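Q: Below you'll find the structure I mean.
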Amino acid sequence: MHFFDEIKSYVGFTDEDAARLKALGPLVAPRFPEVVISFYDVLMAHPRARGVFVGPEQIDRLRASLKVWLGELFEGTYGDAYFSHRQHIGRVHVNVGLLPQFMFGAMNLIRHRFVEILSDLEVDLGSLAEVGSMRQALGSIDRILDIELTIMVQSYWDSLMQQKLEIPAALATGLAHEVRNPLNAIGLQMTLLERRLRSAEVDEGVYGQVLEAVRAELRRIQGLNSEILDFAKPIDIHTGLADVADIFEEIRRNHELTLEAGGVEMSIEVQGSAVLVCDRDRLMQVFINLMTNAVEAMPEGGQIRVLIVKSEGGLRVDFADTGQGMSPAMKYRIFDLFYTSKASGTGIGLAIARKIVEAHGGSVDVLSRPGEGTTFTIYLPFPRRDAEDEDER
């Protein structure tokens with residue numbers, strides 16, 4: 001389930017709420033200017049909140065953006081485009097340094113202002129069948145504001161998780177750079193040692209296996225070092241039109257022997273067009289990583305089910321397996337750099353996979369329980385023409 005659908009389901013937001021908010025829109029819109037004024041009066045009364053703003057011109061822009069935001073609450077359409085815009089607003093809050101407590105307080109202020117507005121309009125509400133009772137109208141407003149608050153909180157959580165990822169990545173990158181030169185020197189000395197042993201006509205059987213074992217471990221460390229350095233680089237995306245369903249079909253063909261050997265069946269279901277502007281090779285890297293992990297999680301065989309769904313704002317890819325599943329503690333660490341439950345794993349693959357998806361403007365979520373399999377949900381948005389020009393709220 002896509003994160004936004006999950007939020008709506010959790011707070012109980014229904015189509016009736018959407019219709020009720022749309023009917024309320026024309027009644028409450030004339031009161032938006034007073035909501036905006038009271039909103040910023042409260043923020044400006046707190047020194048630390050006021051310190052976020054850089055001048056009157058910015059505040060004027062923010063007032064206008066807040067009025068637009070209020071109008072969008074009552075448009076009656078709450079799909080992927082709405083969610084994407086709300087995510088952008090959440091990121092702006094984080095980037096300008098607005099502390100979470102002020103965001104909570106501000107949202108609560110808006111909630112109370114709407115209670116006052118609806119109380120004043122109670123007589124008018126009775127004439128609109130779509131609105132229903134005062135209690136129903138307030139319930140719909142509460143639920144849409146709860147959704148807004150959840151998206152905002154998620155923005156702070158995402159920022160925290162990004163910092164959590166960047167710290168070990170920075171440490172690992174520094175260490176990888178320091179290790180690279182000694183590794184090269186060891187490789188060179190190994191080559192010189194082999195040449196001298198051969199020139200001394202020493203029986204290769206005496207030292208051959210030892211040298212090969214050392215070389216194998218050296219290659220493994222060099223490979224891990226390269227992966228760390230690749231992870232530290234910004235993901236370079238080269239976009240073009242690609243069919244995501246075709247990517248999965250190609251993966252299934254190319255890894256047919258691996259799937260058969262593991263007793264794994266892979267099905268692909270598509271709902272709507274799966275064509276997307278993306279980096280095809282990078283997405284293939286993500287999906288191969290998921291497939292490899294799924295096969296390893298099903299040592300006795302099982303099924304992989306891929307569901308690709310087109311929505312208003314992008315594609316949702318559900319990648320589900322019938323494997324061993326994960327504990328809650330493990331589920332929340334699988335994207336951490338170097339975290340792995342496999343004896344031979346490096347703990348880099350899923351961290352890179354998420355980085356690739358986020359470079360596309362998307363997100364990755366995971367649902368899993370021990371013994372019940374795992375489902376990765378990848379959301380890949382369609383490009384937005386106005387993404388770079390949006391005003392901050």
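Q: Which numbered condition trips up L43, out of (1) among the hydrophobic types (A, V, I, L, M, F, W, C); (2) closer than 30 Å to E16 by Cβ; (3) in contact with a Phe, Trp or Tyr (Cβ under 8 Å, 6 or more places away or on another chain)?
A: If we test L43 against (1) among the hydrophobic types (A, V, I, L, M, F, W, C); (2) closer than 30 Å to E16 by Cβ; (3) in contact with a Phe, Trp or Tyr (Cβ under 8 Å, 6 or more places away or on another chain), just (2) comes out false.
Q: Go through (1) in contact (Cβ under 8 Å) with a residue 40 or more places away in the chain; (2) touching a strand residue (DSSP E or B) at 6+ places or on another chain (Cβ under 8 Å); (3) surrounded by 19 or more Cβ atoms within 10 Å (Cβ to Cβ) for I334 and report which single condition fails.
A: Result: I334 fails condition (1) only.
Q: Conditions: (1) crowded, with 16+ Cβ neighbours inside 10 Å; (2) farther than 25 Å from S226 by Cβ. G240 meets all but one. Number of the miss?
A: (1)
Q: Can I ask one more? Kindly indicate whether any position in the stretch 223-238 is in contact with a Pro (Cβ under 9 Å, 6 or more places away or on another chain) and small (G, A, S). Give the steps one after another, and end with the answer.
A: Within the stretch 223-238, the subset in contact with a Pro (Cβ under 9 Å, 6 or more places away or on another chain) is none.
There is no residue in the stretch 223-238 that is in contact with a Pro (Cβ under 9 Å, 6 or more places away or on another chain) and small (G, A, S).
Q: Ok, one more. Where residues in the stretch 317-338 are among the aliphatic types (A, V, I, L, M) and outside any strand (DSSP E or B), which of them is nearest to the chain's Cα centre (by Cα)?
A: Once the filter is applied, the top-ranked residue is I334.
Q: If I go through the stretch 19-29 residue by residue, how many of them are modelled with pLDDT of 90 or more and closer than 16 Å to I110 by Cβ?
A: Qualifying residue count for the region: 2.
Q: Under 8 Å between Cβ atoms, which residue pairs at least 6 apart in sequence (or on different chains) link something in the stretch 152-169 that is not assigned by TED's automatic domain parsing to the domain that holds G90 and assigned to a helix (DSSP H, G or I) with a partner that is at pLDDT below 75 and small (G, A, S)?
A: Listed by first residue and then by second, the contacts come to A169/A232.
Q: Take M103 and decide whether it is closer than 24 Å to K8 by Cβ, modelled with pLDDT of 80 or more and assigned to a helix (DSSP H, G or I).
A: No.
For (1) among the aliphatic types (A, V, I, L, M); (2) at pLDDT below 85, each residue gets a yes or a no:
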site	(1), (2)
A64	yes, no
M107	yes, yes
L121	yes, yes
D124	no, yes
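Q: Still on this structure, I have one more. Buried (at least 19 other Cβ atoms within 10 Å of the Cβ) and assigned by TED's automatic domain parsing to the domain that holds P370: does that describe D321?
A: Yes: the conditions hold for D321.
Q: Helices (runs of 4 or more DSSP H) wholly in the stretch 212-316 with at least 1 residues that are touching a residue at least 60 places away in the same chain (Cβ under 8 Å) and either outside the structural domain of A353 (by TED's automatic domain parsing) or not charged (D, E, K, R) (or both) - which ones? Give the steps one after another, and end with the answer.
A: Numbers: elements: 244-254, 256-261, 280-296.
Those helices (runs of 4 or more DSSP H) span 244-254, 280-296.
The values are calculated or read from the model by the stated rules, or taken from the named source; none is laboratory data. Only a predicted model underlies this, so the values are computations on that prediction, with no experimental measurement involved. Neighbour counts run over all protein chains shown; Cβ positions are idealised from the backbone, glycine included.
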